[in-house]
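Asks: Pasting a structure here, questions to come.
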Amino acid sequence: MATVKGNDPFNLNVTDVHTFQSSTWPYRGRYPCGSLSVNGTWFYGTYFLANPNATTVFPDGSTKTVGPNPGPNCGNWCVQGPAVSFRSSVDNGKTWTEPRLRSKGIKDNLFGETAFNNERVKFGAPHFIDFGKNMEHSPDGMAYIVGHGSSNRSNVQAWMLGDQVYIARVIPTVSNINDVEKWEFYGGSEAGWVKGDISAARPIVEWDRNMGVVTMSYHPAIKKYVLCISTATNYPSMRGEFDTYFLESSSLTEGWSLFQYNRAFGPEAYFVHHPSKFMAASLDSAGRYNLFLS
(Lines give C-alpha, C1' and ligand atoms only; values in the text may rest on other atoms or scores of the structure.)
Protein backbone atom coordinates (compact mmCIF):
# COMPACT_ATOMS: atom_id res chain seq x y z
CA MET A 1 0.00 0.00 0.00
CA ALA A 2 1.20 3.55 -0.70
CA THR A 3 0.12 7.15 -1.23
CA VAL A 4 1.05 8.85 -4.51
CA LYS A 5 1.32 12.64 -4.56
CA GLY A 6 2.07 15.22 -7.25
CA ASN A 7 0.65 17.15 -10.19
CA ASP A 8 3.21 16.06 -12.79
CA PRO A 9 2.61 12.49 -14.02
CA PHE A 10 6.33 12.23 -14.77
CA ASN A 11 7.40 13.38 -11.28
CA LEU A 12 5.26 11.75 -8.61
CA ASN A 13 6.19 11.08 -4.98
CA VAL A 14 5.32 7.71 -3.47
CA THR A 15 4.96 7.89 0.33
CA ASP A 16 3.64 5.85 3.26
CA VAL A 17 4.71 2.58 1.65
CA HIS A 18 3.78 -0.48 3.68
CA THR A 19 2.31 -3.94 3.34
CA PHE A 20 -1.08 -5.31 4.34
CA GLN A 21 -1.37 -9.03 4.90
CA SER A 22 -4.47 -11.08 4.10
CA SER A 23 -5.06 -14.72 3.25
CA THR A 24 -5.30 -16.12 -0.27
CA TRP A 25 -7.36 -19.13 0.93
CA PRO A 26 -9.22 -20.91 -0.63
CA TYR A 27 -7.40 -19.79 -3.81
CA ARG A 28 -3.66 -19.40 -4.44
CA GLY A 29 -3.30 -15.67 -5.17
CA ARG A 30 -4.86 -12.43 -3.92
CA TYR A 31 -4.15 -9.16 -5.67
CA PRO A 32 -5.25 -5.50 -5.36
CA CYS A 33 -7.84 -3.98 -7.68
CA GLY A 34 -10.38 -1.13 -7.48
CA SER A 35 -9.31 1.96 -5.54
CA LEU A 36 -11.64 4.85 -4.63
CA SER A 37 -11.22 7.89 -2.40
CA VAL A 38 -14.47 9.70 -1.62
CA ASN A 39 -15.69 11.91 1.22
CA GLY A 40 -12.63 11.19 3.36
CA THR A 41 -12.73 7.41 3.01
CA TRP A 42 -10.35 5.36 0.89
CA PHE A 43 -11.61 2.00 -0.40
CA TYR A 44 -9.22 -0.60 -1.81
CA GLY A 45 -10.30 -3.96 -3.23
CA THR A 46 -8.72 -7.37 -3.74
CA TYR A 47 -9.52 -10.38 -5.92
CA PHE A 48 -8.56 -14.05 -6.03
CA LEU A 49 -6.55 -16.00 -8.63
CA ALA A 50 -5.65 -19.67 -9.02
CA ASN A 51 -4.01 -22.11 -11.40
CA PRO A 52 -5.80 -24.84 -13.38
CA ASN A 53 -6.83 -27.86 -11.33
CA ALA A 54 -5.52 -26.34 -8.09
CA THR A 55 -6.94 -28.37 -5.20
CA THR A 56 -7.89 -26.88 -1.83
CA VAL A 57 -8.19 -28.86 1.41
CA PHE A 58 -11.04 -27.74 3.66
CA PRO A 59 -11.24 -27.93 7.48
CA ASP A 60 -13.43 -31.05 7.34
CA GLY A 61 -10.80 -32.85 5.27
CA SER A 62 -12.71 -32.61 1.99
CA THR A 63 -11.12 -31.24 -1.17
CA LYS A 64 -12.33 -29.13 -4.06
CA THR A 65 -10.68 -28.11 -7.31
CA VAL A 66 -11.01 -24.97 -9.38
CA GLY A 67 -10.42 -26.88 -12.60
CA PRO A 68 -10.34 -28.15 -15.13
CA ASN A 69 -9.71 -25.01 -17.16
CA PRO A 70 -9.76 -25.37 -20.95
CA GLY A 71 -6.30 -25.95 -22.43
CA PRO A 72 -3.76 -25.07 -23.41
CA ASN A 73 -2.42 -23.74 -20.11
CA CYS A 74 -2.15 -19.93 -20.30
CA GLY A 75 1.06 -20.01 -18.23
CA ASN A 76 0.30 -17.33 -15.63
CA TRP A 77 -2.58 -17.45 -13.13
CA CYS A 78 -5.01 -19.06 -15.57
CA VAL A 79 -8.09 -19.05 -13.33
CA GLN A 80 -9.83 -15.75 -12.53
CA GLY A 81 -11.34 -15.83 -9.07
CA PRO A 82 -13.97 -13.54 -7.53
CA ALA A 83 -13.64 -10.11 -5.96
CA VAL A 84 -12.96 -10.63 -2.24
CA SER A 85 -13.85 -7.38 -0.46
CA PHE A 86 -12.99 -3.70 -0.10
CA ARG A 87 -10.83 -2.64 2.83
CA SER A 88 -11.26 0.96 4.02
CA SER A 89 -9.18 3.73 5.56
CA VAL A 90 -10.25 7.06 7.06
CA ASP A 91 -6.72 8.36 7.72
CA ASN A 92 -5.29 8.46 4.18
CA GLY A 93 -4.03 4.90 4.28
CA LYS A 94 -2.19 4.90 7.61
CA THR A 95 -4.54 2.27 9.02
CA TRP A 96 -7.00 -0.06 7.33
CA THR A 97 -10.09 -2.08 8.19
CA GLU A 98 -10.40 -5.33 6.23
CA PRO A 99 -13.71 -7.20 6.62
CA ARG A 100 -12.46 -10.44 5.09
CA LEU A 101 -8.87 -11.22 6.09
CA ARG A 102 -9.57 -14.87 5.33
CA SER A 103 -12.54 -16.31 3.46
CA LYS A 104 -14.56 -19.05 5.13
CA GLY A 105 -15.54 -20.91 1.96
CA ILE A 106 -15.61 -20.90 -1.83
CA LYS A 107 -18.44 -18.34 -1.98
CA ASP A 108 -17.44 -16.23 1.00
CA ASN A 109 -16.57 -13.11 -0.97
CA LEU A 110 -18.06 -9.78 -2.01
CA PHE A 111 -20.70 -11.05 -4.45
CA GLY A 112 -20.79 -14.75 -3.56
CA GLU A 113 -19.14 -15.84 -6.83
CA THR A 114 -16.82 -18.81 -7.28
CA ALA A 115 -14.32 -20.19 -9.78
CA PHE A 116 -14.39 -23.67 -8.23
CA ASN A 117 -15.83 -26.57 -10.25
CA ASN A 118 -14.92 -24.71 -13.45
CA GLU A 119 -17.49 -21.97 -12.81
CA ARG A 120 -17.04 -18.42 -14.15
CA VAL A 121 -17.23 -15.03 -12.41
CA LYS A 122 -18.74 -11.79 -13.71
CA PHE A 123 -16.61 -9.28 -11.81
CA GLY A 124 -13.00 -10.39 -12.19
CA ALA A 125 -10.48 -7.75 -10.98
CA PRO A 126 -13.11 -4.97 -10.62
CA HIS A 127 -12.13 -1.31 -10.91
CA PHE A 128 -14.04 1.79 -9.87
CA ILE A 129 -15.09 4.08 -12.69
CA ASP A 130 -13.06 7.27 -12.51
CA PHE A 131 -15.54 10.15 -12.26
CA GLY A 132 -12.92 12.70 -11.24
CA LYS A 133 -11.96 14.05 -7.84
CA ASN A 134 -14.41 12.96 -5.13
CA MET A 135 -16.58 11.43 -7.91
CA GLU A 136 -17.56 14.91 -9.12
CA HIS A 137 -18.95 13.57 -12.41
CA SER A 138 -20.91 10.64 -11.03
CA PRO A 139 -24.39 10.92 -12.59
CA ASP A 140 -26.16 10.07 -9.33
CA GLY A 141 -23.63 10.19 -6.48
CA MET A 142 -23.12 6.43 -6.62
CA ALA A 143 -19.83 4.61 -7.07
CA TYR A 144 -19.64 2.27 -10.06
CA ILE A 145 -17.36 -0.67 -10.80
CA VAL A 146 -16.62 -2.57 -14.01
CA GLY A 147 -15.21 -6.08 -14.18
CA HIS A 148 -14.36 -8.61 -16.86
CA GLY A 149 -16.33 -11.83 -16.85
CA SER A 150 -17.42 -14.87 -18.77
CA SER A 151 -20.31 -17.30 -18.94
CA ASN A 152 -18.66 -19.80 -21.27
CA ARG A 153 -16.89 -22.71 -19.56
CA SER A 154 -15.22 -23.60 -22.85
CA ASN A 155 -13.19 -20.39 -22.76
CA VAL A 156 -10.34 -19.47 -20.45
CA GLN A 157 -11.12 -16.76 -17.93
CA ALA A 158 -7.96 -15.39 -16.34
CA TRP A 159 -6.74 -12.06 -14.99
CA MET A 160 -6.29 -10.79 -18.57
CA LEU A 161 -8.79 -13.03 -20.36
CA GLY A 162 -12.58 -12.90 -20.59
CA ASP A 163 -15.55 -12.53 -22.89
CA GLN A 164 -17.69 -9.80 -21.30
CA VAL A 165 -17.72 -6.62 -19.23
CA TYR A 166 -20.20 -6.10 -16.38
CA ILE A 167 -21.11 -3.02 -14.35
CA ALA A 168 -22.50 -2.48 -10.83
CA ARG A 169 -23.07 0.48 -8.50
CA VAL A 170 -23.46 1.30 -4.81
CA ILE A 171 -23.74 4.30 -2.48
CA PRO A 172 -20.11 4.39 -1.26
CA THR A 173 -20.15 4.10 2.52
CA VAL A 174 -18.23 1.73 4.78
CA SER A 175 -21.44 -0.05 5.75
CA ASN A 176 -22.59 -0.44 2.12
CA ILE A 177 -19.43 -1.30 0.21
CA ASN A 178 -19.16 -4.93 1.39
CA ASP A 179 -22.89 -5.69 1.55
CA VAL A 180 -24.08 -7.34 -1.67
CA GLU A 181 -27.66 -6.39 -0.81
CA LYS A 182 -26.72 -2.72 -1.21
CA TRP A 183 -25.22 -3.19 -4.67
CA GLU A 184 -27.18 -2.77 -7.91
CA PHE A 185 -26.27 -4.80 -11.00
CA TYR A 186 -27.09 -3.72 -14.53
CA GLY A 187 -29.43 -6.34 -15.96
CA GLY A 188 -29.81 -5.05 -19.52
CA SER A 189 -32.04 -2.42 -21.10
CA GLU A 190 -35.28 -4.11 -20.08
CA ALA A 191 -34.47 -5.09 -16.48
CA GLY A 192 -32.37 -1.99 -15.74
CA TRP A 193 -30.64 -1.96 -12.36
CA VAL A 194 -31.36 -4.95 -10.12
CA LYS A 195 -30.56 -4.71 -6.42
CA GLY A 196 -28.72 -7.44 -4.54
CA ASP A 197 -28.88 -10.15 -7.23
CA ILE A 198 -25.69 -10.71 -9.22
CA SER A 199 -27.36 -13.46 -11.24
CA ALA A 200 -29.40 -10.70 -12.94
CA ALA A 201 -26.25 -8.92 -14.19
CA ARG A 202 -25.91 -8.77 -17.98
CA PRO A 203 -22.82 -7.60 -19.93
CA ILE A 204 -22.56 -4.08 -21.31
CA VAL A 205 -20.11 -5.27 -24.01
CA GLU A 206 -19.08 -8.72 -25.29
CA TRP A 207 -16.26 -10.05 -27.46
CA ASP A 208 -15.66 -13.78 -27.32
CA ARG A 209 -12.10 -14.59 -26.20
CA ASN A 210 -10.99 -10.98 -26.66
CA MET A 211 -11.79 -9.18 -23.42
CA GLY A 212 -9.79 -8.85 -20.24
CA VAL A 213 -8.94 -6.42 -17.46
CA VAL A 214 -11.13 -3.33 -17.83
CA THR A 215 -11.19 0.24 -16.52
CA MET A 216 -13.46 3.18 -17.32
CA SER A 217 -13.09 6.96 -17.01
CA TYR A 218 -15.37 9.91 -17.70
CA HIS A 219 -13.82 12.43 -20.13
CA PRO A 220 -15.49 15.79 -19.43
CA ALA A 221 -13.91 17.50 -22.45
CA ILE A 222 -15.92 15.31 -24.82
CA LYS A 223 -18.69 14.30 -22.37
CA LYS A 224 -18.06 10.61 -22.97
CA TYR A 225 -17.10 7.50 -21.03
CA VAL A 226 -14.09 5.53 -22.26
CA LEU A 227 -13.44 1.84 -21.61
CA CYS A 228 -9.83 0.62 -21.61
CA ILE A 229 -9.49 -3.14 -22.11
CA SER A 230 -6.33 -5.24 -22.14
CA THR A 231 -6.13 -8.88 -23.21
CA ALA A 232 -3.68 -11.49 -24.48
CA THR A 233 -2.35 -10.89 -28.00
CA ASN A 234 -2.08 -14.63 -28.63
CA TYR A 235 -5.02 -16.23 -26.84
CA PRO A 236 -4.74 -17.79 -24.31
CA SER A 237 -1.04 -17.17 -23.61
CA MET A 238 -0.40 -14.90 -20.65
CA ARG A 239 3.38 -14.93 -21.11
CA GLY A 240 3.63 -12.85 -24.26
CA GLU A 241 2.33 -9.52 -25.50
CA PHE A 242 -1.00 -7.91 -24.52
CA ASP A 243 -3.39 -5.95 -26.74
CA THR A 244 -5.04 -2.76 -25.48
CA TYR A 245 -8.12 -1.20 -27.01
CA PHE A 246 -10.59 1.58 -26.30
CA LEU A 247 -14.35 2.04 -26.62
CA GLU A 248 -16.44 5.16 -26.08
CA SER A 249 -20.06 5.93 -25.26
CA SER A 250 -22.27 8.74 -23.98
CA SER A 251 -23.91 6.18 -21.69
CA LEU A 252 -22.48 4.02 -18.92
CA THR A 253 -24.39 0.96 -20.04
CA GLU A 254 -25.00 0.97 -23.81
CA GLY A 255 -23.99 2.37 -27.20
CA TRP A 256 -20.31 1.39 -26.96
CA SER A 257 -18.16 1.73 -30.08
CA LEU A 258 -14.54 0.76 -30.69
CA PHE A 259 -12.29 3.66 -31.73
CA GLN A 260 -8.73 2.39 -31.22
CA TYR A 261 -7.09 -1.04 -31.11
CA ASN A 262 -3.39 -1.32 -30.24
CA ARG A 263 -1.92 -4.77 -30.84
CA ALA A 264 0.99 -5.87 -28.61
CA PHE A 265 0.76 -2.52 -26.84
CA GLY A 266 3.35 -1.81 -24.21
CA PRO A 267 4.21 -4.63 -25.13
CA GLU A 268 2.68 -6.00 -21.89
CA ALA A 269 0.54 -3.12 -20.65
CA TYR A 270 -2.34 -4.06 -18.35
CA PHE A 271 -4.73 -2.35 -15.92
CA VAL A 272 -4.51 0.49 -18.46
CA HIS A 273 -6.32 3.62 -17.32
CA HIS A 274 -6.92 7.30 -18.15
CA PRO A 275 -6.50 8.98 -14.73
CA SER A 276 -8.84 11.95 -14.41
CA LYS A 277 -6.23 13.90 -12.43
CA PHE A 278 -4.15 14.31 -15.58
CA MET A 279 -6.99 14.88 -18.02
CA ALA A 280 -7.96 18.28 -19.49
CA ALA A 281 -11.49 19.40 -18.58
CA SER A 282 -12.15 21.10 -21.91
CA LEU A 283 -11.08 21.16 -25.56
CA ASP A 284 -8.41 23.58 -26.77
CA SER A 285 -8.85 25.96 -29.70
CA ALA A 286 -8.04 23.14 -32.13
CA GLY A 287 -10.70 20.86 -30.65
CA ARG A 288 -8.20 18.64 -28.82
CA TYR A 289 -7.52 17.82 -25.18
CA ASN A 290 -4.58 16.39 -23.30
CA LEU A 291 -4.67 13.19 -21.26
CA PHE A 292 -2.31 10.51 -20.04
CA LEU A 293 -2.47 6.74 -20.18
CA SER A 294 -1.12 4.88 -17.19
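The values are calculated or read from the model by the stated rules, or taken from the named source; none is laboratory data. Predicted model only: the values in this text are computed from it and were never measured. Counting neighbours? That spans all protein chains shown, and the Cβs are built from the backbone with ideal geometry, glycine included. Ligands, DNA and RNA are stripped out before the accessible areas are found, and what is left, the full protein with its side chains, is counted by its heavy atoms. Shrake-Rupley method; radii C 1.70, N 1.55, O 1.52, S 1.80 Å.
Asks: If Tyr27 satisfies every condition in (1) crowded, with 21+ Cβ neighbours inside 10 Å; (2) farther than 26 Å from Val272 by Cα but one, which is the exception?
Replies: Single failed check for Tyr27: (2).
Asks: A follow-up question, please. Criterion first (more than 12 Å from the chain's Cα centre (by Cα) and more than 24 Å from Leu36 (Cα to Cα)) does Asp208 satisfy it?
Replies: Yes; evaluated as a whole, the condition is true for this residue.
Asks: Does Val14 fit the bill of being surrounded by fewer than 14 Cβ atoms within 10 Å (Cβ to Cβ) and in a strand (DSSP E or B)?
Replies: Judged against the criteria, Val14 is a match.
Asks: Looking at region 166-198, which of its residues are touching a Leu at 6+ places or on another chain (Cβ under 8 Å) and either surrounded by fewer than 20 Cβ atoms within 10 Å (Cβ to Cβ) or in a helix (DSSP H, G or I) (or both)?
Replies: If the condition is that a residue be touching a Leu at 6+ places or on another chain (Cβ under 8 Å) and either surrounded by fewer than 20 Cβ atoms within 10 Å (Cβ to Cβ) or in a helix (DSSP H, G or I) (or both), then Val180 is the only one that fits.
Asks: Can you report the number of residues in region 14-58 which are at positive phi and touching a strand residue (DSSP E or B) at 6+ places or on another chain (Cβ under 6 Å)?
Replies: The total comes to 2.
Asks: If you go through region 254-289, how many residues are without any contact (Cβ under 8 Å) to a residue 12 or more places away in the chain and loosely packed, with under 12 Cβ neighbours inside 10 Å?
Replies: Going through region 254-289 one residue at a time, the tally reaches 6.
Asks: Restricted to region 58-99, and to residues that are closer than 22 Å to Val14 by Cβ and among the basic types (Lys, Arg), which residue is modelled with the lowest pLDDT?
Replies: Selected residue: Lys94.
Asks: Any residue that is touching a Pro at 6+ places or on another chain (Cβ under 8 Å), open to solvent by 70 Å² or more (accessible area, probe 1.4 Å) and modelled with pLDDT of 95 or more - is there at least one of those in region 42-49?
Replies: The answer is no, given that none of the residues of region 42-49 is touching a Pro at 6+ places or on another chain (Cβ under 8 Å), open to solvent by 70 Å² or more (accessible area, probe 1.4 Å) and modelled with pLDDT of 95 or more.
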